[in-house]
Structure formats: structure tokens, C-alpha cells
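Undergrad: Pasting in a structure now, in C-alpha cells, and then I'll have a few things to ask.
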Amino acid sequence: MARLLFLTLAAATLSAAHFRLDWPPTAGFIDDDEPNSPCGGATVTVNDTAPEVQVDQFAVEIFSSHPAGSWSFHATTDTQAPYNFTEIVPVVNSTGIGEFCLTNIRAPSDFAGKSGVLQVIDHSVDGVLYQCAPVRFVSGSNSTAGPACTNATGFSAEWTSTEASSSSSSPSSSGTSPSSSGSATAQASSTSSAAAAMVTGMGSVVGLGLLAAGLVF
């Protein structure tokens with residue numbers, strides 16, 4: 001009975017937690033406000049303390065409490081609302097609960113040298129959820145996220161050819177930037193070696209960009 005109660009409480013806690021953007025550090029995690037576009041109720045302050053992300057390749061680390069998610073990534077060099085977000089990579093579908101790290105996120109090359117905002121959207125069982133992070137875009141490539149870039153055991157993710165432009169906070173956010181990642185279909189059809197870079201701790205590549213991660217966080 002005690003074990004059942006513990007599991008029930010744990011499940012309820014996870015369900016309430018939605019998701020948390022750990023890297024780049026979230027502008028603010030407000031659990032009840034995560035359904036509010038564009039940044040889950042957080043006020044984004046962009047200044048010199050914002051972390052650098054490399055436009056050619058950077059990592060995003062997320063904690064998800066949902067067994068499945070569909071993730072959209074948008075960015076802008078506008079530092080004040082209303083933001084003019086651009087969808088920067090194809091949608092990512094995930095399976096598994098816990099921490100995971102996507103290492104092959106990109107931004108348009110002309111963002112380099114500018115400050116801006118990264119927006120992460122999860123199309124989950126709880127609806128559409130939002131978080132944002134202030135960033136400084138720089139030239140180069142980096143596949144790590146802060147001090148760690150690992151995945152929960154059993155986590156898997158795959159590129160899709162779907163673009164979730166309808167869920168963005170700006171109508172101009174439709175379409176992936178051709179200067180950074182090309183079309184969603186082309187990105188999803190990339191070689192297995194390129195797809196393997198998307199999620200760290202890859203166990204195998206199955207089908208079109210399917211990645212199985214086997215690391216304990």
C-alpha cells in the first residue's frame with residue numbers, strides 16, 4: 001500500500017512538472033504558466049550575462065516529465081516582445097521521461113554576433129507548453145551543454161518532417177531557416193552519422209534518424 005501511494009504521488013509530481021529548459025538556462029520556470037505563449041509566463045532579460053550559443057551547432061538540454069513529446073525550436077534576434085521567432089530546425093519527437101540533450105541545434109548564420117532569444121515548445125499530453133532562454137549567438141560549433149550533456153536511460157528521439165509553425169507566438173515563424181538547417185525533409189533525410197550527433201549517448205540508429213540513448217543521468 002505504501003509503495004502504491006509513493007508511486008501515485010511520484011506520478012502526480014511528474015505530471016505537474018511539465019518540462020524544464022536546463023541549457024541554455026531558462027528565463028524562468030513557472031509551472032502553471034507554461035501553457036502561456038511565448039515564454040511560459042517568464043520575462044526574458046537579454047544582457048551580457050546570457051550564455052553563448054554557436055550558430056553552426058549548439059546543444060539544448062531539457063528535463064521532460066512526459067513519456068512522449070514533440071519539440072519545436074525557434075529563435076530570434078529581437079530582444080523585446082513581440083518576438084519575431086523563426087523555426088530553426090525540424091520538429092523532434094521524443095519518447096522517455098527525464099533529462100535529455102539534443103546536440104545538433106542550429107541558428108541562421110546571420111544571427112552570429114547578436115543577442116537574442118531561444119524558444120522551446122513542447123506539444124505534449126498537457127497541451128502546448130513554452131519556455132525561453134536569453135542567449136548570445138556567436139560563430140562556430142559546440143556539441144556540449146553546460147557541464148553535462150546526457151540522456152535518461154531508454155530515451156529516444158527522432159527528426160520529423162513536420163514544422164509546427166502554427167504554435168509559435170509569431171506568424172512569421174513558419175518554415176525552417178534555409179541558411180541554417182535547410183528544409184525539414186532534407187534534415188530528416190541526413191546521413192546516420194549526422195543524425196547520431198543529435199542526441200548524445202546513442203545506442204543505435206533505427207530507421208530515419210531514430211536515436212536510442214542509454215545513459216543514466
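The values are calculated or read from the model by the stated rules, or taken from the named source; none is laboratory data. These numbers were taken from a predicted model, which means no experiment stands behind them. Because the Cβ atoms are built from the backbone with ideal geometry, glycine has one as well, and the counts that use them run over all protein chains shown.
Undergrad: Inspect region 97-117 for any residue being within 12 Å of I62 (Cβ to Cβ) and among the aromatic types (F, W, Y) and give the result as yes or no.
TA: Within region 97-117, one or more residues are within 12 Å of I62 (Cβ to Cβ) and among the aromatic types (F, W, Y).
Undergrad: Out of the residues in region 55-64 meeting the condition of being in contact with a Lys or Arg (Cβ under 9 Å, 6 or more places away or on another chain) and either modelled with pLDDT of 90 or more or among the hydrophobic types (A, V, I, L, M, F, W, C) (or both), tell me which one is nearest to T144 (Cα to Cα).
TA: Taking the candidates together, the pick is F58.
Undergrad: Separate question: Mind checking which pairs have a first residue in region 106-121 that is touching a residue at least 12 places away in the same chain (Cβ under 8 Å) and assigned to a loop (DSSP other than H, G, I, E, B) and a second that is among the basic types (K, R) and surrounded by fewer than 24 Cβ atoms within 10 Å (Cβ to Cβ), Cβ under 8 Å, 6 or more apart or different chains?
TA: Matching pairs, first to second residue: K114/R136.
Undergrad: Identify the single condition in (1) at pLDDT 95 or above; (2) outside any strand (DSSP E or B) that P147 does not satisfy, given that it satisfies every other one.
TA: Of the numbered conditions (1) at pLDDT 95 or above; (2) outside any strand (DSSP E or B), the odd one out for P147 is (1).
Undergrad: Moving on. Mind checking which residues of region 77-113 are surrounded by fewer than 18 Cβ atoms within 10 Å (Cβ to Cβ) and modelled with pLDDT of 95 or more?
TA: S109, D110, A112, G113
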